Amino acid sequence: MAKVLVVTSGKGGVGKTTSTAALGAALAQSGQSVVVVDFDVGLRNLDLVMGAERRVVFDLINVVQGVAKLPQALIRDKRLENLWLLPASQTRDKDALTDEGVGRVIGELRSRFDWILCDSPAGIERGATLAMRYADEAVIVTNPEVSSVRDSDRIIGMLDSKTVRAERGERVEKHVLITRYDPARAARGEMLNIDDILEILATPLLGIIPESQDVLKASNVGTPVTLNDADSAPARAYVDASRRLMGEQVAMVVPAERRGFMNRLLGRRAA
Amino acid sequence: MSMRLLRLFGGRNATAPVARERLQILLSHERGLLGQSDLLVTLREEILAVVSKHVALDPDKVLVKLERGKTVSTLEVDIEVPNNFDKSKAIAERRMAG
Ligand SMILES: Nc1ncnc2c1ncn2[C@@H]1O[C@H](COP(=O)(O)OP(=O)(O)OP(=O)(O)O)[C@@H](O)[C@H]1O
Ligand SMILES: [Mg+2]
């Protein structure tokens, strides 16, 4: 049965788009059929991170408004044949999305894919509420710092009240994905502890993605990090997270420092 | 020796425990505030309506709180009932006051 998963956070710039692309690609690599849907209307970026920016013709809003049919707007990934993108509009604004129209498109996607990953815009306004509206599951992307955790808490409250599932008295399955985790700062006690974050949010952990240059390199070339350098630390962490989404038991790896003792002592960042 | 040195540095600069404390306090407040929206407002109104059929109540003395826990959440309903149950009298008094 198809699963609709929203990647959300409240706070901006925490890694939602990066995570949508990486998890989508990892799920597709393990044989699932996947569509990643960009809900960040007016500020689309998922097309760039996926390397499909030059192939966008129609978008989510065109489909919602009936200007284009769904198959015309779907873009197939060049590397994985079972990975697709439904881009957002760059010119229109989010008011062009209606609850009913989004529901119809999601319904249509459910009949075509195993996984529908919705990349939410930041904030708690209409765009974010529409992105989570039809979700069965949610990945709450959280950075280990106070404002991100606070916003995640707010988003969890919305997932429990504003989604179709919540209104029916059903549960949206929620997972916390900690991203941009810096082991050196963690060791110095400068960064919120993972256990503390999980306790505060009272939500299970999907994975811990380390802060890494590999993420930037992958987005530079328009390839999800899991495809760009499968051996890199963030790629492995995303692959593990995707396996947990599929219900596998995978031991949690807390990213560790790979730096010399002197560097650590002097607090130098990894080159 | 090296580990002790590290821990010493860590201990002195550790700001994470402060962050945790601040978050815990902040969120317990925010959850209370947010809990007032939508569902809780509706619940509160409906509970008030049901109980008011039988007992005269001061609407301000009906508290509905939701506390989110790890596995379950608790809905706390706190209604202050006056010892004097005379409904018509209480309503008349309220009308005069209002
Ligand atoms: N693990 C990581 N290590 C290093 N940089 C990262 C990591 N994750 C994300 N970034 C970088 O952080 C920036 C923001 O990431 P991204 O666009 O995925 O966030 P977002 O939550 O989608 O932002 P927005 O709220 O604006 O949509 C990007 O430059 C991205 O390359
Ligand atoms: Mg984004």
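Determine the share of chain A's accessible area contributed by carbon and sulfur atoms, expressed in whole percent, with a 1.4 angstrom probe.
46
Select from the stretch A:150-177 all residues whose loss of accessible area on going from the chain by itself to the full protein assembly reaches 40 Å² or more (probe 1.4 Å).
Buried by the other chains: A:150, A:153, A:154.
What accessible area per residue, rounded to a whole number of Å², is obtained for chain A using a probe radius of 1.4 Å?
43
Of the trypsin sites (Lys or Arg not before Pro) in the stretch A:46-104, which ones lie in a loop per DSSP and count no more than 12 other C-beta atoms within 10 Å?
A:69
At a probe radius of 1.4 Å, figure out the B/A buried accessible area, summed over both chains, and give it in Å² to the nearest 100.
1900
Where nothing but the Cβ of Lys and Arg (+1) and of Asp and Glu (-1) is charged, how large is the charge dipole of chain A around its Cα centre, in debye to the nearest 20?
The dipole magnitude comes to about 460 debye.
For chain A, how many pairs of lysine residues have a Cα-Cα distance under 24 Å, where the two are 8 or more positions apart or belong to different chains?
For chain A, the number of qualifying lysine pairs is 20.
The values are calculated or read from the model by the stated rules, or taken from the named source; none is laboratory data. Just so it is clear, the model here is predicted, and its values are computed rather than measured. Counting neighbours? That spans all protein chains shown, and the Cβs are built from the backbone with ideal geometry, glycine included. Calculation scope for accessible area: heavy atoms of the full protein, side chains included, ligands and nucleic acids excluded. Shrake-Rupley method; radii C 1.70, N 1.55, O 1.52, S 1.80 Å.
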